[in-house]
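Below: one structure, written as structure tokens.
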Amino acid sequence: MGARSETKKRWWIFTLRMGVAQRDNVFMSCRGVTLVGALAATLVLISTAVAGLFNDGVAAVQRGDYATAIGIWHRLADQGDTRALDWLGQMYQQGWGVPQDYAAAVSWYRRAADKGDAVAQNNLGFMYLYGLGVPQDVAARMTPAQIADAQRLAGEWKPKRER
């Protein structure tokens, strides 16, 4: 063999070895990416399943199947899903599938609000604003002049005579 063919042979072997080395390096780096990708895909599937389950509850409400929605959202609420906690509050506030119970609605809203859910915080604020399911102290919100006026009017009140 001549020098030229020997150089060509060495170049070919070097190129093949580099190709294998590069392929192995790519594979090694891809394994890490593949693992991260697999974990990310798993999280997406789990969150999609939870979102799907939550949306199944929404669809049940839209159909008027409140018992199914409540069952779904109770399971999600047990897992800490704030949207489910909020919707359970709405179910009790509106009396959808359960007896209307403002105190229970406040309890569900508070659990979601304490976890930082802005919608539940808004709903809880609404309940306080209108005094639904929360303790009310009317006298604490009245000025001393309003209290004196109310006492005067109560003292002046007399039942109407029937004709």
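The values are calculated or read from the model by the stated rules, or taken from the named source; none is laboratory data. Since the model is a prediction, treat every value here as computed from it, not as a measurement. Glycine also receives a Cβ, built like all others from the backbone with ideal geometry; neighbour counts cover every protein chain displayed.
Got a number for residues in region 124-161 being more than 29 Å from residue 99 (Cβ to Cβ) and in contact with a helix residue (DSSP H, G or I) (Cβ under 7 Å, 6 or more places away or on another chain)?
Adding up the residues that qualify gives 2.
Please state which one of 83, 31, 23 is assigned to a helix (DSSP H, G or I), among the basic types (Lys, Arg) and either within 19 Å of residue 119 (Cβ to Cβ) or at pLDDT 90 or above (or both).
Within the list 83, 31, 23, the selection yields 83.
So which residues in region 124-144 are surrounded by 11 or more Cβ atoms within 10 Å (Cβ to Cβ) and among the β-branched types (Val, Ile, Thr)?
If the condition is that a residue be surrounded by 11 or more Cβ atoms within 10 Å (Cβ to Cβ) and among the β-branched types (Val, Ile, Thr), then 134 is the only one that fits.
From the list 140, 148, which one is assigned to a helix (DSSP H, G or I) and at pLDDT below 85?
It is 140.
How many of the residues making up region 127-137 are outside any loop (DSSP other than H, G, I, E, B) and modelled with pLDDT of 90 or more?
The qualifying residues number 1.
Do you know which residues across region 112-123 are surrounded by fewer than 19 Cβ atoms within 10 Å (Cβ to Cβ), polar (S, T, N, Q) and in contact with a helix residue (DSSP H, G or I) (Cβ under 6 Å, 6 or more places away or on another chain)? So that I can check it myself, show each step before the final result.
Initially, region 112-123 is screened for residues surrounded by fewer than 19 Cβ atoms within 10 Å (Cβ to Cβ), giving 114-116, 118-119, 121-122.
Then drop every residue that is not polar (S, T, N, Q), which leaves 121-122.
Answer for region 112-123, where residues must be surrounded by fewer than 19 Cβ atoms within 10 Å (Cβ to Cβ), polar (S, T, N, Q) and in contact with a helix residue (DSSP H, G or I) (Cβ under 6 Å, 6 or more places away or on another chain): just 121.
Collect the residues in region 84-109 that are crowded, with 20+ Cβ neighbours inside 10 Å and either of a type outside the set (A, V, I, L, M, F, W, C) or under 14 Å from residue 125 (Cβ atoms) (or both), keeping them in residue-number order.
86, 89, 92, 93, 105, 106, 109
Consider residue 116 carefully, then state whether it is of a type in the set (Gly, Ala, Ser) and either at pLDDT below 95 or part of a loop (DSSP other than H, G, I, E, B) (or both).
Answer is yes for this residue.
Quick check: anything in region 145-163 on the phi > 0 side of the Ramachandran plot and surrounded by fewer than 17 Cβ atoms within 10 Å (Cβ to Cβ)?
no
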